[in-house]
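Q: What follows is a structure written as C-alpha cells; I'll ask about it next.
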Amino acid sequence: MMRLALISVSVIFPLLPFIALLAQGSEAIGLAGIALVGLVEALSAARRGENLNHASWSSLILVMLISLLSQGYIPYLLHVALTSVQNIAVFDASMLFPQYSLVVSYIYKSYSRYARELSIKGFEEGEVSAELNSLAGSLLIILSSAAAASIALYCAITSFRLFGVDPFTALITASAFFILTARYIINRIKGSHNVQF
Amino acid sequence: MREIIKAMVILAMIPAFMALLATVTASRPYIMPLIFSLLVIFAALSLSEKPRIALSLEFDKDIVHLGEEVSVKVEVSIHEGYGLIMIRGPPIPRTDMAEGFELVKGTNVHVVFKGFRQVHREYEYVLRAVKRGSYPVEGVSFVYYHPFGIVEDTEGSVKVSGVIKVLPRVKLISRLPARVRPKEGVPSFSPSRLGSYSTEFWSVREYVVGYPYKFINWKATARNAGGNLMVNEYEREGVRTIALLMDGSLWMRYGSDVENPLEYGISLVLSLSRVFLRYGYSVGLWVFPKGAKVPPSPDSDQYYRLLRALVEFRGFSEILTLDEAAIRRIAGLKAIALIVTNVTAGNVGEISRISEELRSRALIVDIIPDTILMKNIVGDPPCGKWFVRDRVEGVYGRLPASVKVITWDPACEGVGSVVAKIHRHMMVWDQ
C-alpha cells in the first residue's frame, strides 16, 4: 500500500505544474511538459520504476526554465516571454510538487532496494514490508508537515508584510544562510559510515 | 539509506538555486520551496539522537543431541533515535556456530523501524543442531541506519556468555544377547592393568619407578645376579581393559561436515563405551595422530570423560600416525585394542604397524564412506557388498593375521548391529 502511495506521488506530482499551466491557458507548453515528463516516467517504469526521481528532476528543471523565461529580468531584457501565464504565482508555487516528489522518489528508491536486499539476506518479507512501510509513512508525515508548514508560513509572510527587503539583499542573505546550512548538513552526512549488515 | 541521504543533500543545495531564481524572476512564491527545504532539514536535525538499544538473548537449553532443536528468544527494546535497526541473532555467519546449527523455524535476522515512539519487540526462532561440538554462544549484533544520514551508521553487539554443547548421536543399547555378554569374574585373557592391587600373586619382576615399596621382594633382590631391585607383581581388581583407538586423521573426513566416517566413528565409540562400562570393562580412549587421551577406568564417570573429549574433537588435517609412547602405553596395559578407522591403501601400512606394535589382539572397525557419499547424490543407497569386496581384495590382505576387521557401512547398517558384532568377536577371544 505504501509502495503504491510512493509511486503515485512520484508519478503524479511532477506533472502538476504542467497541469496548472494547461488550466491557465498555456496549452502548448503545458502539453509539451506533460509529454516530456511522461516520457521520462515511462522510461523509468520500463526499468522497474526505481529511477522515478529522473521524472521529478526533469519536471523541476523544466518548471525553473519556464519560470525563468516567462517572468522577471530575462524577458524584460530580451523583450520576449516564453509564455504568458494568467496566474504566475500559482505556477511558481507549484514547484513545491516536483520538489516534494523528488524526495518521495528517493524514498521509493531506497524502499525498493531495501525490500529486495533484505529478502535476499533471509529477512521475513512481511516484516520487512511492515517496517519499511512504517519508515516511508513516517517520512511522508515529515515531508507533508513541512510542505503544509511552508505554505502556511508563505501565506503568513505575504499577508503580514513584516519585512520590506529588496531582492538583492534577500538573495545575499538567503544564499549565505543556505550555504552555511548546506555545508553543515553535508559535513554531518559525510561523517556517517556506510556500514553493511 | 543512500538514496534518502542523497535527497537530503539535494534539499540542502536546492534553496541556493531557489533564492537565485526568486531574485531573477522577482517571484515571491519561490519562498515556499525554500522554506520546505529548510523545514525538512530542521526535522532531520531534530531527529539526530542516537538510539539506546537493549537486547537480550535466551536459549531454552544448552545441551542438545545431534538433530535436536533449540528455541531461541531475542528481545529488543529501543529508546530514542530514529531509523532502521537490523538485528541478527546467533548463529552469526562465518562462525563455528553457523556450521553447527541450521534454522528450521523463523529467522534470526530482523529489521525494526524506530519512529517517534519507543519500540519493544520479541522474536523467536528454532535452530536444529547439525554438527557435534561445543559452541560459544555469540551475542546479538545490530546495525543502525539513520534515514537522513545525520547520525553515523552504528554497529554494535550484545555479548552473551555461555556454551551450547551438541552431543553426538549415541545408540542406547539396553542389553546385549546372552551369548555376547562377557563372562563373570576374572577373565583368562588380558587381565586388567589398572584398579587396586588384589592379593593374587602374578609374578616377580624388576622394580620400576612408581611401584609401591611394600611389594619389594627382598629375597629375590638378594638372589638377583645383576643386583636389581625385584618386586612382587599382583593382579589388579576389575575386568579387562579396552583401548579404543579413534582415528582422527584426514582419511576419516571423507564426505560432508556432518556425515563422514569420523562422525559415525565417534557415535560408535560412545555407544560401545557405554556398553563396555556397563558390563564392568575398563575403557580408555586415544585419539590419534595427536588428539585427546582418556586413561582407562571402569568407573561410572568414565563415559562422560569420553563424551567430553569427543564432543570438542575437530579432526586433524594430518594423515594417520600414532606415536611410539602411546603405543608402548597401550601395549603395557595388555588391553584389547579396538581401532576405529577408515582403511585405505594410503593408511593400511600405518595401521598394520600400530597393530603389530600393540602386541595384543586388535579389532579394526573399518568405516566405509562410499555409500554415505552416494546416499547424498542418489538418495537411496546401494547397500550391496561392492565396497566391502573391494576392500577385502585390496587392503585387508596387508593387515597382520592377528587383526580382525569388522567392516561397517553406516548408510546401510545401524550402530547397534556393529556393537553386537564387536562383542561377538571379543567373546570368541575371551574363550
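The values are calculated or read from the model by the stated rules, or taken from the named source; none is laboratory data. For clarity, every value in this text was computed on a predicted model and none was experimentally measured. Positions of Cβ are backbone-derived with ideal geometry, glycine not excepted, and every protein chain shown enters the neighbour counts. SASA here: full protein model, heavy atoms, side chains in, ligands and nucleic acids out. Shrake-Rupley method; radii C 1.70, N 1.55, O 1.52, S 1.80 Å.
Q: Against the condition under 20 Å from B:Thr107 (Cβ atoms) and in contact (Cβ under 8 Å) with a residue 12 or more places away in the chain, how does A:Ser94 come out, does it pass?
A: Working: under 20 Å from B:Thr107 (Cβ atoms): no; in contact (Cβ under 8 Å) with a residue 12 or more places away in the chain: yes.
For A:Ser94, the condition - under 20 Å from B:Thr107 (Cβ atoms) and in contact (Cβ under 8 Å) with a residue 12 or more places away in the chain - is not met.
Q: Give the residues of the range B:238-261 that are part of a loop (DSSP other than H, G, I, E, B) and either more than 17 Å from B:Met374 (Cα to Cα) or open to solvent by less than 10 Å² (accessible area, probe 1.4 Å) (or both), sorted by residue number.
A: Matches in the range B:238-261: B:Gly238, B:Val239, B:Arg240, B:Gly248, B:Ser249, B:Asn260.
Q: Return the only residue of B:Leu322, B:Leu307 being assigned to a loop (DSSP other than H, G, I, E, B) and either open to solvent by 70 Å² or more (accessible area, probe 1.4 Å) or on the phi < 0 side of the Ramachandran plot (or both).
A: B:Leu322
Q: Here is a follow-up. How many residues, within the range A:104-152, are of a type in the set (Val, Ile, Thr) and under 18 Å from A:Arg48 (Cα atoms)?
A: Within the range A:104-152, residues that are of a type in the set (Val, Ile, Thr) and under 18 Å from A:Arg48 (Cα atoms) number 3.
Q: Being in a loop (DSSP other than H, G, I, E, B), more than 7 Å from chain A (Cβ to nearest Cβ), within 19 Å of B:Ala54 (Cα to Cα) and open to solvent by 10 Å² or more (accessible area, probe 1.4 Å) is the filter here; which residues of the range B:117-161 pass it?
A: B:Arg117, B:Gln118, B:Val137, B:Glu138, B:Lys159, B:Val160, B:Ser161
Q: Which members of the range B:257-281 meet the condition of being polar (S, T, N, Q) and closer than 13 Å to B:Leu338 by Cα?
A: Step one: filter the range B:257-281 for residues polar (S, T, N, Q), giving B:260, B:267, B:271, B:273.
The one that is polar (S, T, N, Q) and closer than 13 Å to B:Leu338 by Cα: B:Ser273.
Q: Within the range A:37-72, track down each residue that is among the polar types (S, T, N, Q) and touching a residue at least 12 places away in the same chain (Cβ under 8 Å).
A: Residues satisfying the conditions are A:Asn51, A:Asn53, A:Ser56, A:Ser58, A:Ser59, A:Ser67, A:Ser70, A:Gln71.
Q: For the range B:58-103, give me each residue that is crowded, with 19+ Cβ neighbours inside 10 Å and part of a loop (DSSP other than H, G, I, E, B).
A: If the condition is that a residue be crowded, with 19+ Cβ neighbours inside 10 Å and part of a loop (DSSP other than H, G, I, E, B), then B:Leu66, B:Gly81, B:Tyr82, B:Gly89, B:Pro90, B:Pro91 are the ones that fit.
Q: Pick out the one residue from A:Ser58, A:Ser101, A:Ser84 that is open to solvent by less than 20 Å² (accessible area, probe 1.4 Å) and not aliphatic (A, V, I, L, M).
A: So the residue among A:Ser58, A:Ser101, A:Ser84 that is open to solvent by less than 20 Å² (accessible area, probe 1.4 Å) and not aliphatic (A, V, I, L, M) is A:Ser101.
Q: Quick check: anything in the range A:58-74 among the polar types (S, T, N, Q) and farther than 25 Å from B:Met8 by Cα?
A: yes
Q: Here is a follow-up. Got a sec? Which of B:Ser37, B:Ser77 is of a type in the set (S, T, N, Q) and either modelled with pLDDT of 90 or more or assigned by TED's automatic domain parsing to the domain that holds B:Val258 (or both)?
A: Checking each option against the conditions leaves just B:Ser77.
Q: A further question on this structure: Can you tell me which residue is nearest to B:Ile242 (Cα to Cα) among those in the range B:262-280 that are in contact with a Pro (Cβ under 7 Å, 6 or more places away or on another chain) and open to solvent by less than 10 Å² (accessible area, probe 1.4 Å)?
A: Only one residue tops the list, namely B:Leu270.
Q: Here is a follow-up. Would the range A:153-161 turn up any residue that is facing another protein chain (nearest Cβ under 9 Å), within 29 Å of A:Ala23 (Cβ to Cβ), at pLDDT 75 or above and under 18 Å from the mean Cα position of the chain (by Cα)?
A: Yes, the range A:153-161 contains a residue that is facing another protein chain (nearest Cβ under 9 Å), within 29 Å of A:Ala23 (Cβ to Cβ), at pLDDT 75 or above and under 18 Å from the mean Cα position of the chain (by Cα).
Q: Confirm whether A:Val195 is facing another protein chain (nearest Cβ under 7 Å) and either at pLDDT below 85 or more than 30 Å from B:Thr23 (Cα to Cα) (or both).
A: yes
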